[in-house]
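J.: Once you've had a glance at the structure underneath, I'll fire off some questions.
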Amino acid sequence: MRLLSILTLAALALAAPAHAALNVVAATEDLADLTRQVGGDKVKVESIARGYQDPHFVEAKPSFILKLAKADLLVVVGRELEIGWLPPLITQSRNAKIQVGAEGYLDASLTARILEIPTGQITRAMGDVHPLGNPHYWLDPGNGRRVAQAIVEKLARMSPGDAAYFQARYAEFDKRLAEAEKRWDAMIAPYKGLKIVTYHRSWPNFAERFGLEVVGYVEPRPGIPPSPSHTLDLIAEMKRQNVKILLVEPYFDLKTPQSIARETGAKVLVMSPSVGGEKPITDYLALFDYDLKLLVAAIQETGAK
Ligand SMILES: [Zn+2]
């Protein structure tokens, strides 16, 4: 009798995983949060790159392989953002479910609006890390919405019994995002057309969405460190166009930005492009709340217009 009940319990325990949450690994904290927003308690989500790291260059750790080995779904930014570190981890995970092209592999860029898609021959000869268009597309909330939708469709296919749950979570997220967009538009509206310079090309979607004009970059090309001649050209251009805001991602050296700021009277503003980049940026909506507040304060401080 006792043996039978132990066997019954064991059978129940074995059956349990069928109803367990899906294990999701996201390449970045932004995608991890979007997955949590729509997946709720039907998903267990972990991310690989931390929000304060340069997502192009992430140091591979054995723990990442373990995460990937037990994943049902892998969500990636795509456009070769992770080309320098993710492919070997996927291979080494030996997890057939999440290999490129498998059912458990989701390239979030496929439904997003991508800017700066190169025309003509694609070459890495110059060290360009954006050969397939700009991969920092999550910085437009419209793309956050599109990616969340793609994640819902994928989760619903993998767990059809929960499809209605995921759809309801998406509808709720969509509503909160639309309300937040009204708030963000009101904050930034007075500064439409403001000219800025950024270190890396992380912000074209953000700039387009919020009406800013990026007139130059500290990097001569994406992924190439600043050179003296390019820096001199940039300083001249910033003076000519009276640019007072220089955005720098948290993982870049501030030496060149600060010398540019000294020459031009611009303010160096360190702004996080990702969830988790700063403590208060706990989710996707908080990312825009935090960044736009910083940006508006900097604009007001410099009197930039
Ligand atoms: Zn980039």
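J.: Between Q92 and R50, what is the label-to-label distance in nm when each label sits 7 Å out along the Cα-to-Cβ direction?
T.: 1.9
J.: Per residue, how much accessible area does the chain have with a 1.4 Å probe, in Å²?
T.: It amounts to 48 Å² per residue over the chain.
J.: Give, as ranges by residue number, the residues of segment 216-243 whose backbone N falls under 17 Å from the point 7 Å along Cα→Cβ of Q121.
T.: none
J.: While we're on this one: What's the carbon and sulfur percent of the chain's accessible surface, probe 1.4 angstrom, rounded to a whole number?
T.: That fraction is 56 percent.
J.: Okay, next question. If you put +1 on each Lys and Arg Cβ and -1 on each Asp and Glu Cβ, how big is the dipole of segment 187-305 around its Cα centre, in Debye rounded to 20? Don't jump to the answer; show the numbers that get you there.
T.: Values: 14 positive and 13 negative charges, 72 e Å.
Approximately 340 debye in magnitude.
J.: At 0.36 nm per residue, and after removing the present C-alpha to C-alpha distance, how many nm does the segment from D185 to E59 gain when stretched out fully?
T.: Gain on stretching D185 to E59: 41.7 nm.
The values are calculated or read from the model by the stated rules, or taken from the named source; none is laboratory data. The shown structure was predicted, so the numbers you read here are calculated from the model rather than taken from an experiment. Ideal geometry is used to build each Cβ from the backbone, glycine not excepted, and the neighbour counts take in all protein chains shown. Accessible surface is based on the protein model in full, side chains and every heavy atom, while ligands, DNA and RNA are left aside. Shrake-Rupley method; radii C 1.70, N 1.55, O 1.52, S 1.80 Å.
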